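The values are calculated or read from the model by the stated rules, or taken from the named source; none is laboratory data. The model shown is predicted, which means the values in this text are computed figures rather than measured ones. Note that we place each Cβ from the backbone using ideal geometry, even for glycine, and neighbour counts take in every protein chain shown. Note: areas computed on protein heavy atoms with side chains; ligands, DNA, RNA excluded. Shrake-Rupley method; radii C 1.70, N 1.55, O 1.52, S 1.80 Å.
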Amino acid sequence: MDISRFNGLTSTPMSVHSYSRCWLHLILGTLNREKLLNKQAAARLSRYLDEYADTKGVYTKINYVNADHVHTLVDLPTNLSIEELIQLLKGSSSRWVNVNNIVAGKFAWGRGYGAFSVSESNVAAYVAGQEEHHRVRTFAEELREFIERHGLRWQDEKSR
């Protein structure tokens, strides 16, 4: 197994007998699904998310930042819950976008998120193909498909 991608990751406190490989496909949407991130802003946010995750000991295999949402494939470490990971990523990145004036006006993530346990190989290719994929499907259509594919019930804003 090639472990070179883990070189330089911050050591996190955990039992030496704890091992995990828990790939999660995370989907984060902007507030009100507004298309706030142009190509340059998206590229900068993508780099920031990778670098920030690395400082927290989270291995990000790939991410893709769209104008109104982000897909990322991460290996969830044993010392974080999904909710803690989401709070770290959303909180830090929205603060970073606003402090650095990456977009005009105030940036915020929408409430909620998608987190799905997945096969690394299938999702990495899917995330890499986001630009082409979103030429034919909106974020809302895509998210609803993920929710239903994983046996969950879609709830729109009116039914919450």
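Output the residues belonging to the range 108-132 that are within 29 Å of Arg95 (Cβ to Cβ) and part of a helix (DSSP H, G or I).
Val123, Ala124, Tyr126, Val127, Ala128, Gln130, Glu131 - these are the residues of the range 108-132 that are within 29 Å of Arg95 (Cβ to Cβ) and part of a helix (DSSP H, G or I).
Applying the set (1) open to solvent by 20 Å² or more (accessible area, probe 1.4 Å); (2) within 17 Å of Asn32 (Cβ to Cβ); (3) of a type in the set (A, V, I, L, M) to Val70 leaves exactly one unmet item: (1). The set of residues from the range 77-102 being open to solvent by less than 20 Å² (accessible area, probe 1.4 Å) and modelled with pLDDT under 95 comprises just one member, Pro77.
Say we look at the range 104-118 and pick out the residues that are of a type in the set (A, V, I, L, M, F, W, C) and either within 29 Å of Ser20 (Cα to Cα) or open to solvent by less than 20 Å² (accessible area, probe 1.4 Å) (or both); which of these is modelled with the lowest pLDDT? Quick ask: steps written out before the conclusion?
Step one: of the range 104-118, the residues of a type in the set (A, V, I, L, M, F, W, C) are 104, 107-109, 115-116, 118.
Imposing the further condition that a residue be either within 29 Å of Ser20 (Cα to Cα) or open to solvent by less than 20 Å² (accessible area, probe 1.4 Å) (or both) reduces the set to 107, 109, 115-116, 118.
Values: Phe107: 97, Trp109: 97, Ala115: 95, Phe116: 92, Val118: 85.
Among those residues, the one meeting the criterion is Val118.
When restricted to residues that are within 25 Å of Asp75 (Cβ to Cβ) and aliphatic (A, V, I, L, M), the range 97-136 contains 8.
In this structure, Asn79 does not satisfy being more than 16 Å from the chain's Cα centre (by Cα), polar (S, T, N, Q) and within 23 Å of Leu45 (Cα to Cα).
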